[in-house]
1. With a probe of 1.4 Å, find how much accessible area chain B has per residue, and write the answer as a whole number in Å².
2. Once the convex hull of the alpha carbons of segment A:170-263 is built, what does its volume come to per residue, in cubic angstrom?
3. How far, in degrees from 0 to 90, does helix A:113-124 lean away from the longest principal axis of the Cα atoms of chain A, to the nearest 10?
4. Calculated FRET efficiency, B:LEU157 and B:ASN267, Cβ-Cβ r, R0 41 Å, to nearest 0.05?
5. Could you compute Rg(Cα) / (2.2 N^0.38 Å) for segment B:1-156, with N its residue count?
6. Counting pairs of alpha carbon atoms under 8 Å apart in space and at least six apart in sequence, what relative contact order in percent does chain A give?
7. What does DSSP give for the protein assembly as shown in terms of the percent of beta bridges that are antiparallel, rounded to the nearest 5?
8. Two decimals is fine: what's Rg over Rh for segment A:105-245, C-alpha atoms, Kirkwood radius as Rh?
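The values are calculated or read from the model by the stated rules, or taken from the named source; none is laboratory data. Remember, it's a predicted structure, so these values are computed and weren't measured experimentally. Every residue, glycine among them, receives a Cβ derived from its backbone with ideal geometry; neighbour counts consider all protein chains shown. Surface areas here come from the heavy atoms of the whole protein model, side chains and all, with no ligands, DNA or RNA. Shrake-Rupley method; radii C 1.70, N 1.55, O 1.52, S 1.80 Å.
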Amino acid sequence: MNNHNTLLDIQNLSVEFRTDDGVVKAVNDMSLQIERGKTLGLVGETGAGKTTTALSILRLIPDPPGVITGGSITLDGEDILAASKHQLEKMRGSLVSMIFQDPMTSLNPVLPVGEQIAEVYILHERINKQEAAKKAGEMLELVGIPASRGRDYPHQFSGGMKQRVVIAMALACNPKLLIADEPTTALDVTIQAQVLKLMKELKSKYDMSMLMITHDLGIVAEVCDEVSVMYAGRVVEHGTLEDIYEHTAHPYTEGLFHSIPNIDARAHRLIPIPGLMPDPTDLPPGCPFAPRCSYAVEECSKALPTRIQLSDTHSVSCILRQKEE
Amino acid sequence: MHKYIFKRILMMIPVVIGVSLLVFMVLKMTPGDPARVVAGSEADEATVAQIREELGLNKPVLQQYVDYMAGMLHGDMGNSYTTGKPVFSEILSRMPTTFILAFAGVLVAVLIGIPLGIISATKQYSILDNISTLLALTGVAMPNFWLGLMLILVFALQLGWLPSGGVTSWQGYILPAVTLGVGATANFMRTTRSSMLEVIRQDYIRTVRAKGANEKRVILRHALRNALIPVITVIGLQIGTLLGGAVVNETVFSLPGVGMLMINSINKKDEPVVLGCLITFAVVFSLVNLFVDILYAYIDPRIKSQYR
C-alpha cells in the first residue's frame, strides 16, 4: 500500500478534543492515501471529522483541547507527527497548503492582500521584499486579479475574489499537496463554478495532489479522482469516482446520493437521511451509522464492521457486504 | 478624511461651551467673594465694591458668562485675580510639566501593560497569566494618592534614591509617572489580554499559521495590530483619567503643573484661572480622542472608508 508514488499516507489516525463536557472523538482510526498528482475527495456531513483530519496534516489542531491520540501521517516521506515545530513551520505553505472554507474571514483585515501573499515567499524563499511583492503580483494575475489590486485590503474584494486571493496565497510556493476545505461552500453558485475551474486548471498546471473536502457530491464528480466517504470520524467507503457513483456500496453513501437533487428526475422528492450523526462524546459500540440505517440488522450495533475490499480500488466498512461475500 | 477631521474639530465647540457653562455656574454657586479675596481681608467695603466693579462681578451671572466667552473668542481667557497675569500665559507656562507627567504615565502603562497583556493572552491560564492578573487587580484597586505617598516613603525617604518632589531634574518625574501609570497599566493589560484572546481565535490567524509563520510573527505582525484597536480606545479615554490624576499627583509630589495651579486657584477663588484650566483639560481631552480616532484609520483600513 505504501509505495513512493504515495504523497500522503494517513494510517489509523485518531484525534480527540478533551473538553470540560467530555471527550469528543472527532477522528477515529481513520486511514487515507493520496497519490502524487491525484485528487481525493473527502465527503461527509458537517461534524464527520473532515476538517479535523485536514488540520491534523498541518498539525494545526488547536491544542488544547485537541490531541492526536494515535496513528501516523506521512507526507512526502516525512513523519508529520514526529516533526519539530521548526520543521512544521518550514513545511506549512511550501510542501502543503490549505484553503479554508470561509474566504471572508481567512484574510487578515488590516494588511493589503499583496503583502499577505508576499509573506509566503518571504517565509519560504530567501528573497527580499521587492522580489516577493513582484512574485505576489504575478500570482494575483494567475488567479485573474490585476496585480495593481495587491495594494487593496480584503474588505475591498468580493467573496469570490477573496477566495482567489486565498488560492494565490496557497499556491505561491508551489506545494505538493493542496488541502481545500470546502473552498466553495461560502460562495454563490456561479462563483463556485469559476473558482472550481480555476483550481482544476492550477492543479494540473502545477502537478499538485489535492485533498478536496466537501459535502457536495457534484463537486466531487467534477474535480476528484478518488473519493473517501467519512462518517463519525471514520472512512466508511473508499473508491474511484466510478466505484462510488456507479457501484455505491455503503448505505450512508447511498443516503448522500438520495439527498441531492437530480436534474434528470426533477419530479422526485429528495429522500433525506433520517436522524442525526451520533454524539461524538458518546459513540455507539457498533457501526456508528446503524441507528440511521434502513438496512440495519441486529449485529450492526454490536461490533464495528471491518473494512472489506470489494475490488482493487473499492473498499467499504459494512456488515451487509461482509455477508454477501 | 480631512473633512472628517474638520467636522470633529467643529464638534469641540459645543463641548467647550458645555464645559465652560457648567464650571462657570458651579463656581458662582460656591460661597465666598472673589473681590474680597483680591482686596484682602483688611480692605474696607468701598475698595471691595470698587474691585467688584472693575472685575465686572456686579453684573448678572449670565452677562458675566457671555462677556467671558466673548473674550475667549479673541483668545483672551482673562487675567488671574491673584497675580494679575493673563490666564493663558499662566497655564501655558505650567503645561509642559503636566504634559510630561501624563505622557510619562501613559508611556509606563503602555510599555508594561501591553506586553504583559500579550503574554497573558498567548499563555492563557499559565502562572504568568495569573500573576499579571493579580498585579492588574492590585493596580486598579490602589488609590493613586496613597501609592504616591508610599513610593515617596520608600524610594525618597527610606532609600533616598529619588527626589520626593519638584522637577529640578528628570529623576523628579519617575515616581509621579509610575504612580500615575500603575492604574492605567492594569487597565491596558486587561484590555490587551481580552482583545488578543479574541483575535488569536480568528480564522485569519489560522491562515497565517498555515502559511508557515512562526509564533512570534503570528502574534506581533498579524494578531497585535488587530488587537490594538480596543486598546487604543482605552488609552485615549485613560488620558482623561490621567489628567485628573495629574491634579492629585502634582499636589502629592509638589510639581508646578496645571493641576497644581488649578488646586491653588480653587483655594483662592481665582475663577478665571480655574475656568481656564478646566477648559484646557476639556480641549486636550477632545484633541487626544480625535487623534485616537484618526489613529484607528491607520491601524484598520476598514474604518478609514467609514470616515466621512
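1. 51 Å²
2. 119 Å³
3. Approximately 80 degrees, to the nearest ten.
4. 0.95
5. Rg over 2.2 N^0.38 Å, computed on Cα atoms: 1.60.
6. 20 percent
7. Antiparallel bridges: around 65 percent, rounded to the nearest 5.
8. 1.01
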